Structures are given as C-alpha cells and as structure tokens.
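Bear in mind that the values in this text are calculations on the coordinates, not laboratory data. The structure displayed is predicted, hence computed values, not measured ones. Here the Cβ is made from the backbone with ideal geometry for all residues, glycine too, and neighbour counts use every protein chain on show.
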Amino acid sequence: MQTYYFREDELSQAGAMLAKGECVAFPTETVYGLGANALDAKAVQRIFAAKGRPSDNPLIVHIPSKEWLSQLVVDFTETSQKLMETFWPGPLTLVFKKSERVPAEVTAGLDTVAIRIPSHSWARAILKGAGVPIAAPSANRSGTPSATTWEAVAEDLDGRVAGIVCGPPTEIGLESTVVDATLSPPRILRPGKITYEELAKVVPEIRDYEPALKGGEESTEIRYKNSPGLRHQHYRPRARVILLNDCEPLENASLSDRSCYIGLDEPLDRSRYLKCTVVGDIESYGERLFDTFREADRMGADCIVCQTVPRTGLGTALMDRLTRAAG
Ligand code: TXA
Ligand code: MG
C-alpha cells in the first residue's frame, strides 16, 4: 500500500480519507494516533491489521465535542460529568456504558467504550473533517514504544496505512490517563498526564492506579477484565531497558559500550554512553522517553539506562511506562 503524507494545509483531506473507511495516523497532544471510523467494523479491523494488535485489546474513540457522546454511550454517571467538565478537551479518557452503535471490534466485546476529546488543534480539525467518531490507538506497531513524531509513525507504519499526517512532535509524549467511571468508586486503569492528585481534587473517592506488582492474583484479574490492554506487552524498544534506582551500583557495574542514558541527573560518567539525555524535569522526561527509546534502537544500542523517579504526580505514569519497557 502506498502511504500518503498529509501536510498542514491538507487536514480536511485527511478527514475525508478517514470518512471513506481508511486508516490515517495523526497527531494528538499525547502521542500520535492511528485512526479509523469507529462506527465501521471493517475500517476498525484495518487498524488491528496495520498495528499487528491483538483483537482483545479495545480502542479509544476520539470525538471533537461532547454533543457526539449521545450516539456512543447509553448513560453517564455524575462522576463522568464532573470529569468531563474539568478535563475535556485534554489527555483524559473516560470509560462509559456503550450504545449499540459501537461495534464489538472497537471494544473487544466489552459492554463499555473508552472515549476522549483531544485538545490538539490538528486532531480536532481532522475529527471535524471526518464527521464520524474516530477509533485510534497509539500509531505504532503493537509492542513498540508509542510514536511521538510523524517520522516514528512512518518508521512503524509506512506502507501499512493509507495516510500519515506530518504534524509537530507531541507535547506530552505519554498516553492519556484512562478512568473507568462506570465503576463505583471510579478507578484509574492507566496512569497518564492527568494525575491521581488532580483527579482526586474533583472526585475524592477515585481509586488510584495499582501497578501489577502491588496487587494479588485477584486484583490483577479484575484489572485485566476492566482494561484488557494492560495484559499485553508495551513500549518495548529492541535495546534492553535497565532501571537505575540509585546511580552508584549500576553505573559502577560493567555496562556494554553500546548503552544510552536518560534521566534527571547527570550520569556519573558520560563517556560510557553512546548518547545521554539529561532532562530538566519529569514533564520533559515524559516528553522525551519514547523518542529516546527509538533513537537508541536506530543507533544500534543494546541497552538503555533509565533513571527512576518517585511514583507521585506524573511520576506514576512515567514509572508505569519505564517498568513495562523493562519487562
Ligand atoms: O493518549 C492516548 O490515549 C492515545 C491517543 C492516540 O489518544 N491512545 C492510546 O490508545 O494510547 P491505546 O490503544 O494505545 O491504549 C488504549 C488503552 C488500552 O490500555 C485499553 O485497554 C484501554 O485504553 N481501553 C480501551 N477501551 C477500554 C474499555 N472499554 N475499558 C477499559 N479500558 C479500555
Ligand atoms: Mg498503545
């Protein structure tokens, strides 16, 4: 398949291609998404084929405004009302009871559907142009790090999708926070840019995301049932990811001479690394993480040393991606 590369003045054409049932990748404020008409089961199947995504992993549906919700969901909880008012448009995905119009392909057979309104101006223009709700997982091959630049999308999906929109690099770099507001109390299923602390200001009873490490068998089972995507491998570069809890011990150990580094602090010895990415704060760490993984792979690195951060605020999402990447 020949992939068409859309420029900034061709967003309405990108929308039209989506409306015809094709797959088009486009930028959002979090990561690039690979879109298709969420009401067209055949179009949605093309997403799974292009990504090599397991069909039991449901997709997020993207809409340009709240008026579009009524065709997709059957009822809102008071919690979801409050969260929508506070955090939409933006990097928060909410899980609702789905309407009959949403095909089982989108939700992997669940009776719920995950929805968000992106804040990115390009994404909004494309969604309006398409005129239909757009299902869009991250625009990467299944299992690899999410794409934060159009070049990264092209690396994974050139020749496998009808179109790629050549937008700017994404500002956030980590995927949206997923909250299941059909549960009582509501629960964070995937940590992201909107933090537990911010959510709890609006919905004090909300349950924080529990990393698999903490939960026993039973809670793992419940979580997988509610968010099947968490069961699959994610965010893995080819290079081995090593987490650095405390600079000293690992940096003193023998490291391959084809290693890269990312962290908030200077490494003990820069000269040991092919490339060092020292970031100023946790926001920039999130913004740079996936691109650093991809760049390390392009350089042929065999290991990436990543400094860990405290699991609070945005650190929860960052540590989630880091621990998954490290396997
Ligand atoms: O920031 C983002 O959310 C990006 C951009 C493109 O919007 N999208 C994204 O999609 O990260 P994806 O497919 O990589 O992740 C979707 C997550 C998965 O963890 C999936 O299990 C969960 O959302 N999910 C989707 N539908 C669900 C549902 N009905 N119930 C629970 N979890 C659901
Ligand atoms: Mg993904």
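Remarks
- In order through the stretch 258-264: 3J(HN,Hα) via Karplus (6.51 cos²θ - 1.76 cosθ + 1.60), integer Hz, x for Gly, Pro: 10, 10, 10, 9, 9, x, 7
- Nonlocal amide H pairs with CYS303, under 5 Å, H built at 1.01 Å: ARG240, CYS260
- In order along the stretch 201-207, phi translates into HN-Hα couplings of 5, 8, 10, x, 7, 4, 8 Hz, rounded to whole numbers, per the Karplus curve 6.51 cos²θ - 1.76 cosθ + 1.60 with θ = phi - 60° and x for Gly and Pro.
- Under 14 Å from LYS42, Cα to Cα: aspartates and glutamates that are on another chain or at least 8 residues apart: GLU22, GLU105
- 5 angstrom amide H check on GLY167, placed H, neighbours 5+ away: TRP150
- For the stretch 1-55: relative contact order, % (alpha-carbon pairs under 8 angstrom, 6 or more apart): 22
- Put the Cα centre of the stretch 20-78 next to the Cα centre of the stretch 83-148 and the gap is 5 Å.
- Calculated [222 nm] ellipticity per residue, helices only, for the chain: -9000 deg cm²/dmol; basis is -39500 (n - 2.57) per DSSP H run with n ≥ 4, divided by all residues, nearest 500.
- The chain, relative contact order [Cα under 8 Å, separation at least 6], %: 20
- In nm, spacing of pseudo-spin labels at ALA326 and ASN245 (7 Å Cα→C-beta vector): 0.8
- Pairwise FRET efficiency - ARG141 versus GLU67, Cβ, R0 = 30 Å, nearest 0.05: 0.30
- In plain terms, the chain from GLU151 to TYR5 could stretch by 51.5 nm, reckoned as 0.36 nm per residue minus the Cα-Cα distance.
- Order of THR170, THR30, THR86 - criterion: other Cβ atoms within 10 Å of each residue's Cβ, fewest first: THR86, THR170, THR30
- SER121/SER254 FRET efficiency (R0 41 Å; Cβ-Cβ; nearest 0.05): 0.25
- Convex hull volume per residue, computed on the Cα atoms of the chain, equals 125 Å³.
- Between GLU78 and MET299, the FRET efficiency estimated from the beta carbon spacing at R0 = 41 angstrom works out to 0.20.
- 32 Å Cα-Cα threshold exceeded, pairs from LYS51/LYS82; LYS51/LYS98; LYS20/LYS275; LYS20/LYS201; LYS97/LYS128: LYS51/LYS82; LYS20/LYS275; LYS20/LYS201
- ³J(HN,Hα), Karplus 6.51/-1.76/1.60, whole Hz, each residue of the stretch 178-193, x for Gly, Pro: 10, 10, 8, 8, 7, 7, 10, x, x, 9, 7, 8, 9, x, x, 4
- Scaled to the globular estimate 2.2 N^0.38 Å, the Cα spread of the stretch 100-221, given as radius of gyration, is 1.23.
- A straight Cα-to-Cα reach below 12 Å connects LYS66 with the aspartates and glutamates GLU85, residues fewer than 8 places away in its own chain not being considered.
- Once the Kirkwood radius over Cα pairs is known for the stretch 5-119, the Stokes-Einstein relation at 25 °C and 0.890 mPa s delivers a diffusion coefficient of 166 µm²/s.
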